[in-house]
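The structure appears right after this line, and notes come after that.
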Amino acid sequence: RERQAQWLNVPPVPSPMTVSVSALGDQQFAYRSLSVMLQNLGDMGGRVTPLKDYNFERLAQLFFLMRDLDPRSDYIPYIASYYFGAVNGDDVGDKLRPLVDYLYQEGNSAEGTKWRWLAHAVYLARFKVKDLDYAYKMALDLARLGYEKDLPHWTRQMPVFILNAKGDKETALSLMMGILSSVGDKIHPSEVNFTRGYICEQILTPDQAQTNPLCQ
């Protein structure tokens, strides 16, 4: 009576052949079965397992496996970003890196709107993994996609946000001014106002803003 089921953490990731055989060769059935398993992973016996206790390396391996089963679905990157990516704590940076690696590759896919997962990867790398160099590298890829696919204006500004966080305000200002001068007459006025506000309030010091014509 005193015995309880013990959760052994994320199970070892099966091989593609094992998954295919267990689903009788139906990849969609395999994908959906693994999705259900992921939804309930760690919640058993009336107990809920904190996200920080999960094995994120195995989770990422499972995410990559499921991407091979269905490269078009957004379900797995969605729960990777919004559910598993919600883990909190001072020591979650190293744990989350495999998840960020997965989102980075998922976001570079040409499928549909998967670029948004690259934006999530930048966010997690900056604020949770706290690796600004890695975040900047991904932000450059996001900006490239922004120009290639005519994505929302903020995707092109993402490298500026990371540079500013790194303290390289001179380069951040140069890039932001370049964006404003090249497309300022083509974007919505609210985007122009945001860009000016970011330059004057986030990049420039109060003294610099007072003497900059853009901020008058």
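The values are calculated or read from the model by the stated rules, or taken from the named source; none is laboratory data. Every value quoted in this text rests on a predicted model; they were computed, and no experiment measured them. Ideal geometry is used to build each Cβ from the backbone, glycine not excepted, and the neighbour counts take in all protein chains shown. These accessible areas exclude ligands, DNA and RNA; they are computed on the full protein's heavy atoms, side chains included. Shrake-Rupley method; radii C 1.70, N 1.55, O 1.52, S 1.80 Å.
Here are a few things to note about the model shown:
- Per-region count, segment 5-41, residues over 17 Å from Ser73 (Cα atoms), in contact (Cβ under 8 Å) with a residue 24 or more places away in the chain and assigned to a helix (DSSP H, G or I): 2
- Residue selected from segment 90-106 under the condition more than 14 Å from the chain's Cα centre (by Cα) and without any contact (Cβ under 8 Å) to a residue 40 or more places away in the chain, by the criterion nearest to Met66 (Cα to Cα): Asp94
- Options Pro71, Pro11; residue that is surrounded by 11 or more Cβ atoms within 10 Å (Cβ to Cβ) and over 28 Å from Trp154 (Cα atoms): Pro11
- The single residue among Pro77, Pro71 that is over 30 Å from Lys186 (Cα atoms) and in contact with an Asp or Glu (Cβ under 6 Å, 6 or more places away or on another chain) turns out to be Pro77.
- Every test in (1) touching a Ser or Thr at 6+ places or on another chain (Cβ under 8 Å); (2) under 21 Å from Ser73 (Cα atoms) is passed by Val122 save one, and that test is (1).
- Residue within segment 80-95 that is closer than 26 Å to Met17 by Cα and crowded, with 16+ Cβ neighbours inside 10 Å present: yes
- Condition check for Ser73: assigned to a loop (DSSP other than H, G, I, E, B), in contact (Cβ under 8 Å) with a residue 12 or more places away in the chain and closer than 25 Å to Gln27 by Cβ: yes
- The single condition among (1) open to solvent by 50 Å² or more (accessible area, probe 1.4 Å); (2) within 22 Å of Pro14 (Cα to Cα); (3) not acidic (Asp, Glu) that Pro50 does not meet is (2).
- Condition met for Glu2 (of a type outside the set (Lys, Arg), open to solvent by 90 Å² or more (accessible area, probe 1.4 Å) and in a helix (DSSP H, G or I)): no
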